[in-house]
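Participant: Have a look at the structure that comes next, please.
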Amino acid sequence: MNLTNWGQTVLFMTGSTGFIGKETVRQLVEKTNIHMLLLVRSEQRARTALESYGVRNFERITFIRGDLSLPGLGLVQADREHIKQASILLHAGGTMDITLERETAEQIFMQGAKEIAQLAEDIQRQRSGGLRHFIHVVGFMSPYGQGVRQGEHMEVSHKGSQESAYEEMKFKADGYIREHAKQHGYPLSVINPSTVVGPRPTGETEQTGGIGILIGAVQRGFMPVVPGGSSYWLPLVENDVVAEILVFLIQDNSPLGGTYPLLARKEESPNMKELLNVITTQLSVPKPAGALPLSWIQRLMSLGGSRISGIPAQSLAFITDRTFPVQETEVLLKRMGRSWPDIREQLPFVIADLDYRLLPKPEEGASPAHYTRSRLGNLAMLGWEGEGEPWVIVHGLLQSADDLLPLGSQLHRLTGNPVWIVDLAGFGRSPVHPEQDAFTGQVQALIDALSEMQAPIKLVGHSVGASVAAAALQLSGRTDCRLALLQPVADNARDGRFKPMLRLPRRVGRVLLRARPRQSWARMFRSSRGDVMEEAGVERLAERVHGYLRSPRIAGAHVDLLRWIHLGHRQTASFWDTYGNVRDMGHEADPLVVWAEKDLDYYFPTRLHTGYQKVDVPYGHYFPVFQFEQTAQILIDWAEGGHMNNKGQESELRYGN
């Protein structure tokens, strides 16, 4: 393999499957013609990780098997010679685990730094033109960019202890590479990302060890005070911003080198009090009552608080009262033609994503492949691109968009249309809505989301999601949308078991809902076997719902909509007319209503306005989840006009067994 014959810039990169690395590879594939040599422990796992992240083109990617913790990176000689053809080195490798033991941290960070530096030296000495650029990614608390030289005192908390090994070894590696670059005369750019969160627009933050520790503590009720108070802050940066800067530097033909802390100015960023207020608002829990000195909290954690709360004492080191020299970073951003983004706009989505990600989830089978995460308005969504008129699906109670992925996948496979499944506000990965009234807030959030889709759509809602979809379509005044209602729910509940709990204050009702044991959910699902679930399926669903409601945000959103259903917090007399009014607004096709006859919790809304097409199925309430193939076929038949009577007539059809 003679890479020089390609006539391309060649990059050797470590950390390509990490949180920053995957986004960097994706942007390099999409924006450049650079060839990448990626150091990975397993080609198959690396390829799978990159494909899952959205990397589709591997023509300019060569995987090289190796390991940062091994002597010589574990490289065979032939691969070592290939790497020497690279003109740029990007070292972004290393485990994100602040609890690493000292020996492991030293192997990964110090040993890895020495081996990468040796490669840089070999390239600088042997390659024609030398090494064009060495780019090193290391944490923002590293002191070496602040004028501290190798061998001088480092400001690392608990220096020399087992707890500080992660930070200490990363920073020593930074100092070593700086000295090596100076000694051998190659350009070095050091990128110091602050705590990294997910990219726009989704905020998808798979790296849960940063701000995720703080969100998890609030989720479990272990953050009643502000650590350090309002003079402290937790600097944050999105991983796509980090990747954009790395891609710019990789393409720089005449790099000057430098140190670039990736964080906003302290005075332009949320302080710890503001950050905790945003987190508690999104998670629907009380705001912190006062503040405690950070040193006190660290002491409490080291005395056993970490075992109780799950907050490692060393994780608090990322909360700081320091300011950082960002002038060099701002000059770089100016060269790029952009400014530093305000993290406040992204925080609600990061918080919702991590809140959902940190919940316990049962082992599931293989999920549909190649769906993408995106955002519609202020609602998170999952789905697939395609051709033709999009389907937009809204889930019901005890669900999120994930639960309807099999239905969405089937619709996409059979029609080729775009299919998008949204999370209601406060459910799944969507932030809470600001409205006081639960149903009004959900409807407005969906109206705002649908306003971003100007073309005709097919809008499908299940359970209370059907009510939200119908009301949103009516209030938006749109006549270019078709409406399908699967087991619509408003005031048609048979089961009153939730009513006593729902009459209590919201906070109490939410605590009771979160505390409901898994066995109780299993009994409820077992009593309604209309969805033809095996016993293992019942247990898995009960475990899923029990874990899902551990989030105070999601439990609160459920309590709000359950109150709307069971306690009459709405104008019931006019609500059902919504469905008929959709027909009267000038739509050419009648709304579809699919009703599951074995649903024991809800009865068919007899006051439903006429002028719809009705299909009966012999299942239970959750048929769109469990009988997704039949549900997809019903929806396709309706969309294509097949098996349906004339417009304006109620059609009684039966699908299933």
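The values are calculated or read from the model by the stated rules, or taken from the named source; none is laboratory data. None of these values were measured; they are calculated from a predicted model. Methodologically, a virtual Cβ is constructed for each residue, glycine included, from the backbone with ideal geometry; neighbour enumeration extends over all protein chains shown.
Participant: Return only the number of the condition from (1) of a type in the set (D, E, K, R); (2) closer than 22 Å to Arg563 by Cα; (3) in contact with a Ser or Thr (Cβ under 8 Å, 6 or more places away or on another chain) that Arg373 does not satisfy.
Facilitator: (2)
Participant: Could you list all residues from segment 48-84 that are surrounded by 17 or more Cβ atoms within 10 Å (Cβ to Cβ), acidic (Asp, Glu) and within 35 Å of the chain's Cα centre (by Cα)?
Facilitator: Asp67
Listed here are the residues, each with its yes/no results for (1) free of Cβ contacts under 8 Å to residues at least 40 places away in the same chain; (2) in contact with a strand residue (DSSP E or B) (Cβ under 7 Å, 6 or more places away or on another chain); (3) of a type in the set (S, T, N, Q).
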residue	(1), (2), (3)
Gln27	no, no, yes
Glu30	yes, no, no
His35	yes, yes, no
Leu39	no, yes, no
Thr48	yes, no, yes
Glu59	yes, no, no
Phe63	yes, yes, no
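Participant: Among the residues of segment 446-463, write down those that are under 19 Å from Asn378 (Cα atoms) and surrounded by 24 or more Cβ atoms within 10 Å (Cβ to Cβ).
Facilitator: Across segment 446-463, the qualifying residues are Leu446, Leu459, Val460, Gly461.
Participant: Still on this structure, I have one more. Under the condition of being touching a strand residue (DSSP E or B) at 6+ places or on another chain (Cβ under 7 Å) and among the hydrophobic types (A, V, I, L, M, F, W, C), which residue from segment 249-280 is farthest from Ser230 (Cα to Cα)?
Facilitator: Step by step, filter segment 249-280, then rank; the result is Ile250.
Participant: Within segment 257-264, can one find any residue that is at pLDDT 95 or above, over 28 Å from Lys334 (Cβ atoms) and in contact with a helix residue (DSSP H, G or I) (Cβ under 9 Å, 6 or more places away or on another chain)?
Facilitator: No, that holds for no residue.
Participant: On to the next question. Return the only residue of Gly648, Gly586, Gly580 being in the same structural domain as Thr479 (by TED's automatic domain parsing), under 30 Å from Thr440 (Cβ atoms), assigned to a loop (DSSP other than H, G, I, E, B) and modelled with pLDDT under 75.
Facilitator: Values: Gly648 fails: under 30 Å from Thr440 (Cβ atoms); Gly580 fails: assigned to a loop (DSSP other than H, G, I, E, B).
Of Gly648, Gly586, Gly580, the one residue that is in the same structural domain as Thr479 (by TED's automatic domain parsing), under 30 Å from Thr440 (Cβ atoms), assigned to a loop (DSSP other than H, G, I, E, B) and modelled with pLDDT under 75 is Gly586.
Participant: Within the group Val237, Val196, which residue is under 20 Å from Gly139 (Cβ atoms), in a strand (DSSP E or B) and touching a Pro at 6+ places or on another chain (Cβ under 6 Å)?
Facilitator: After ruling out the rest, the residue left standing is Val237.
Participant: Identify the residue in segment 432-445 that is in contact (Cβ under 8 Å) with a residue 60 or more places away in the chain and within 22 Å of the chain's Cα centre (by Cα) and, among all such residues, is surrounded by the fewest Cβ atoms within 10 Å (Cβ to Cβ).
Facilitator: Val432
Participant: Here is a further query. Considering every residue within segment 544-561, establish whether at least one is surrounded by 19 or more Cβ atoms within 10 Å (Cβ to Cβ) and at pLDDT below 90.
Facilitator: Scanning segment 544-561, I find no residue that is surrounded by 19 or more Cβ atoms within 10 Å (Cβ to Cβ) and at pLDDT below 90, so the answer is no.
Participant: If Glu206 meets every condition in (1) under 23 Å from the mean Cα position of the chain (by Cα); (2) crowded, with 21+ Cβ neighbours inside 10 Å; (3) outside any helix (DSSP H, G or I) apart from one, which number is that one?
Facilitator: Of everything listed in (1) under 23 Å from the mean Cα position of the chain (by Cα); (2) crowded, with 21+ Cβ neighbours inside 10 Å; (3) outside any helix (DSSP H, G or I), Glu206 misses just condition (2).
Participant: Any idea which of (1) surrounded by fewer than 21 Cβ atoms within 10 Å (Cβ to Cβ); (2) modelled with pLDDT under 85; (3) outside any helix (DSSP H, G or I) is the one Met141 doesn't satisfy?
Facilitator: If we test Met141 against (1) surrounded by fewer than 21 Cβ atoms within 10 Å (Cβ to Cβ); (2) modelled with pLDDT under 85; (3) outside any helix (DSSP H, G or I), just (1) comes out false.
Participant: Continuing with the same structure: Being within 25 Å of Gln27 (Cβ to Cβ) and surrounded by fewer than 20 Cβ atoms within 10 Å (Cβ to Cβ) is the filter here, so list the residues in segment 257-282 that pass it.
Facilitator: Gly257, Gly258, Ser269 - these are the residues of segment 257-282 that are within 25 Å of Gln27 (Cβ to Cβ) and surrounded by fewer than 20 Cβ atoms within 10 Å (Cβ to Cβ).
Participant: Any residue that is modelled with pLDDT of 90 or more, loosely packed, with under 14 Cβ neighbours inside 10 Å and among the aliphatic types (A, V, I, L, M) - is there at least one of those in segment 498-511?
Facilitator: Taking every residue of segment 498-511 in turn, at least one turns out to be modelled with pLDDT of 90 or more, loosely packed, with under 14 Cβ neighbours inside 10 Å and among the aliphatic types (A, V, I, L, M).
Participant: Still on this model: Quick one: is Ser254 surrounded by fewer than 19 Cβ atoms within 10 Å (Cβ to Cβ), without any contact (Cβ under 8 Å) to a residue 24 or more places away in the chain, of a type in the set (S, T, N, Q) and under 25 Å from Gln327 (Cβ atoms)? Talk me through it step by step, then tell me what you get.
Facilitator: Working: surrounded by fewer than 19 Cβ atoms within 10 Å (Cβ to Cβ): yes; without any contact (Cβ under 8 Å) to a residue 24 or more places away in the chain: yes; of a type in the set (S, T, N, Q): yes; under 25 Å from Gln327 (Cβ atoms): yes.
So Ser254 passes the test.
Participant: Identify, by number, the condition in (1) under 30 Å from Leu541 (Cα atoms); (2) surrounded by fewer than 18 Cβ atoms within 10 Å (Cβ to Cβ); (3) modelled with pLDDT of 90 or more; (4) touching a Ser or Thr at 6+ places or on another chain (Cβ under 6 Å) that Asp321 doesn't meet.
Facilitator: Asp321 satisfies all of (1) under 30 Å from Leu541 (Cα atoms); (2) surrounded by fewer than 18 Cβ atoms within 10 Å (Cβ to Cβ); (3) modelled with pLDDT of 90 or more; (4) touching a Ser or Thr at 6+ places or on another chain (Cβ under 6 Å) except (1).
Residues checked against (1) closer than 23 Å to Tyr548 by Cβ; (2) touching a helix residue (DSSP H, G or I) at 6+ places or on another chain (Cβ under 9 Å); (3) not charged (D, E, K, R):
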site	(1), (2), (3)
Leu332	no, yes, yes
Ser339	no, yes, yes
Glu345	no, no, no
Leu359	yes, yes, yes
Pro368	yes, yes, yes
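Participant: Just for helices (runs of 4 or more DSSP H) wholly inside segment 431-506: which have at least 3 residues that are outside the structural domain of Ile634 (by TED's automatic domain parsing) and not acidic (Asp, Glu)?
Facilitator: Passing ranges, in order: 499-502.
Participant: Which ones in segment 223-240 are under 23 Å from the mean Cα position of the chain (by Cα) and surrounded by fewer than 21 Cβ atoms within 10 Å (Cβ to Cβ)?
Facilitator: Asp240
Participant: What number of residues in segment 401-416 are in contact (Cβ under 8 Å) with a residue 40 or more places away in the chain and over 18 Å from the mean Cα position of the chain (by Cα)?
Facilitator: Number of matching residues: 8.
Participant: Could you figure out which of (1) farther than 25 Å from Gln327 by Cβ; (2) aromatic (Phe, Trp, Tyr); (3) out of contact with any Gly (no Cβ under 8 Å at 6 or more places or on another chain); (4) not in a helix (DSSP H, G or I) isn't true of Trp296?
Facilitator: (4)
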